[in-house]
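Right, one structure below, let's go through it.
Quick note: the coordinates plus some simple rules give every number you see, no bench work behind them. If you're wondering where the values come from, they're calculated on a predicted model, not measured in any experiment. Glycine also receives a Cβ, built like all others from the backbone with ideal geometry; neighbour counts cover every protein chain displayed.
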């Protein structure tokens, strides 16, 4: 348990705070002295979490939040200001997609476009817009946006989700560029596969094992590991980091370990051939064939 109090009396607003990464980030901020606004559509769970934090001696308030609604964004910021009088740190964590509607380009449901863009992009942009005036007045503030590996790594599915997450990174750079002169920093965190309760509920075990095989440390991420990066970026320790996207994915996005499996499969096929081959013979794979 950390003994640091880097956020003593700072007010942190976190969306999607009742579960997963948002919940872990809220716990870390609270441990370091912050006052927390827990915004989530699962108000019952957010409220229970707020009570638990309060019982531990932290200040936390829950808010019933709808990321699709402009009105809900307005009400959330108003609620935070009424409760604590300021917002020092905004964590735009809420986001997601429907894997049935968000398929490959040919088969995706284009009518789902508005919903996912409102949740993943518009909500983040509008909440940032709403907190900027008070941060400018304070002369400082931090905004952390949650992106994802889908932003710059293509997939056979999740076309809309990946496009929105690329937009998160672009918006992050714009905000950092435009408001650094007011003492406001904005960075993004880009997680790989994180073992939240939701992921565990729908992702088959063999798929999780496939991810672990291609990550350098053979690990899938835990919510706490992403939360650690969020808290670091929000702290004074990261004051010289602005407009960046930090990968938190166990090295998945920076390696070509997938080739190990390609080569392994190739060798197995060679072993099955009737014609003997020398163990020292070389081989090549032409990706253009």
- [ ] Sort 243-250, 23-30 for me by packing, meaning the mean count of neighbouring Cβ atoms within 10 Å per residue, highest on top.
- [x] 23-30, 243-250
Task: Estimated D of segment 1-81 in µm² per second, where Rh is the Kirkwood radius over Cα pairs and Stokes-Einstein applies at 20 °C, 1.002 mPa s - done: 172
Task: Ranking of 43, 84, 65 by count of other Cβ atoms within 10 Å, fewest first - done: 43, 84, 65
Open item on the list: With the cut-off at 1.5 for a/c, could you classify segment 40-136 from its C-alpha gyration tensor as rounded, prolate or oblate?
Closed with: oblate
Task: Fewest-first sequence of 153, 124, 108 by Cβ atoms within 10 Å of each Cβ - done: 153, 108, 124
Task: Protection proxy ranking, peptides 143-149, 56-62, 157-163, average beta carbon neighbours within 10 Å, highest first - done: 143-149, 157-163, 56-62
TODO: For segment 234-253 and segment 35-102, write down the distance between their C-alpha centroids in whole Å.
DONE: 23
- [ ] Please arrange 182, 8, 79, 49 by counting, for each residue, the other beta carbons lying within 10 Å of its beta carbon, fewest first.
- [x] 8, 182, 79, 49
- [ ] May I have the convex hull volume per residue, in Å³, for the Cα set of segment 1-48?
- [x] 65
TODO: Could you give me the radius of gyration and the Dmax of segment 123-168, taking only the C-alpha atoms into account and expressing both in angstrom?
DONE: 14.2, 45
Open item on the list: Show me the ranking of peptides 35-41, 114-120 by mean Cβ neighbours inside 10 Å, starting with the highest.
Closed with: 35-41, 114-120
